[in-house]
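Take a look at the structure below.
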Amino acid sequence: MTNTSALDAPLTIDSDAVLVVIDVQKGFEDTAFWGPRDNPGAERRIGELIDVWQATGRPVVTVQHASPAGPLATGTPGYELKDFVAAITPDLHITKTVNSAFYGTPDLHAWLQERGARQVVIVGIITNVCNETTARMAGNLGYDAVFPLDAMHAFDLTGPDGVTVPAAELARATGTVLHAMRFAKVVTTEAVVTAAKTGEPAAVSRS
């Protein structure tokens, strides 16, 4: 797990911190398939972080999920990255078929190790699925994982008891687990942007 004191300290963004942009794909706009979502400002905040990373010369990794069928199926319009992500040239592009960005091609862990990068900032879709899985693995692998919870979104899900849990509650639960169990530092986009732009520690706000 990530060091407890590091999670509670003001946020610092390394000069070589890697922004990992997960599955920002057009197929997630299919509301008939996915249902209601939370956080309508997620894409704007993801774009803001991409802009800051490019302006400061930090590396950006994009991740794209290849499904055999459904809205994210390879070769369909839904598989394509949303325009604001497709417009950039990432330092690394990963294709995956499972939840974690660490189980894709090329190998994210090997690439990070080769660069000597120790900090990853995780954003994208879906908060409690691919983003959470990637953050858990990042923490287990010893990375300083930063999780700006407002730069991602989730969808409502129905459990085995037939009760539908709203996306916002699922996202809150994800943030709670990652923070309390020390997998990642759960923060806001504002804190990340401030720390990345100034190079100084930023106060962490999770509200």
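The values are calculated or read from the model by the stated rules, or taken from the named source; none is laboratory data. The structure presented is a predicted model; accordingly, all values stated were derived computationally and were not measured. No Cβ is skipped: glycine too gets one built from the backbone with ideal geometry, and neighbour counts run over all protein chains shown.
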Mind listing whichever residues of region 20-34 are surrounded by fewer than 22 Cβ atoms within 10 Å (Cβ to Cβ) and not in a helix (DSSP H, G or I)? D30
Please determine, by comparing only the residues of region 56-82 that are free of Cβ contacts under 8 Å to residues at least 12 places away in the same chain and closer than 18 Å to H93 by Cβ, which one is surrounded by the fewest Cβ atoms within 10 Å (Cβ to Cβ). G75
Among the residues in region 35-55, are any among the charged types (D, E, K, R), modelled with pLDDT of 95 or more, surrounded by 13 or more Cβ atoms within 10 Å (Cβ to Cβ) and farther than 15 Å from G124 by Cα? no
I'd like to check something: does region 153-167 contain any residue that is assigned to a helix (DSSP H, G or I), closer than 20 Å to R37 by Cα, in contact (Cβ under 8 Å) with a residue 60 or more places away in the chain and small (G, A, S)? yes
Can you tell me which residues in region 103-142 are surrounded by 24 or more Cβ atoms within 10 Å (Cβ to Cβ) and outside any strand (DSSP E or B)? L108, I126, T127, N131, E132, T134, A135, A138
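Would you call G78 out of contact with any His (no Cβ under 7 Å at 6 or more places or on another chain) and part of a loop (DSSP other than H, G, I, E, B)?
On the way: out of contact with any His (no Cβ under 7 Å at 6 or more places or on another chain): yes; part of a loop (DSSP other than H, G, I, E, B): no.
The answer is no for G78.
If we scan region 58-65, do we find a residue that is assigned to a strand (DSSP E or B), at pLDDT 95 or above, hydroxyl-bearing (S, T, Y) and more than 17 Å from the chain's Cα centre (by Cα)?
no
Here is a list: I94, I88, I126. Which entry is touching a helix residue (DSSP H, G or I) at 6+ places or on another chain (Cβ under 8 Å), touching a residue at least 12 places away in the same chain (Cβ under 8 Å) and under 24 Å from V187 (Cα atoms)?
I126
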Qualifying positions in region 87-102 - surrounded by fewer than 16 Cβ atoms within 10 Å (Cβ to Cβ) and over 12 Å from V20 (Cβ atoms): A87, T89, T95, T97, V98
Here are the criteria: (1) outside any helix (DSSP H, G or I); (2) of a type outside the set (F, W, Y); (3) without any contact (Cβ under 8 Å) to a residue 12 or more places away in the chain. Tell me which single one V186 does not satisfy. (3)
Restricting attention to region 151-169, which residues are surrounded by fewer than 20 Cβ atoms within 10 Å (Cβ to Cβ) and either at pLDDT below 95 or not polar (S, T, N, Q) (or both)? D156, L157, G159, P160, D161, G162, V163, V165, P166, A168, E169
I want to confirm something. Restricting to region 189-207 and keeping residues that are part of a helix (DSSP H, G or I) and surrounded by fewer than 15 Cβ atoms within 10 Å (Cβ to Cβ), which single residue is farthest from the chain's Cα centre (by Cα)? T198
For the structure I just gave you, tell me whether G35 is among the small types (G, A, S) and at positive phi. yes
Can you confirm whether K185 is touching a His at 6+ places or on another chain (Cβ under 8 Å) and of a type outside the set (G, A, S)? yes
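Does at least one position in region 83-95 carry a residue that is among the polar types (S, T, N, Q) and either in a loop (DSSP other than H, G, I, E, B) or touching a Pro at 6+ places or on another chain (Cβ under 8 Å) (or both)?
The answer is yes, given that some residue of region 83-95 is among the polar types (S, T, N, Q) and either in a loop (DSSP other than H, G, I, E, B) or touching a Pro at 6+ places or on another chain (Cβ under 8 Å) (or both).
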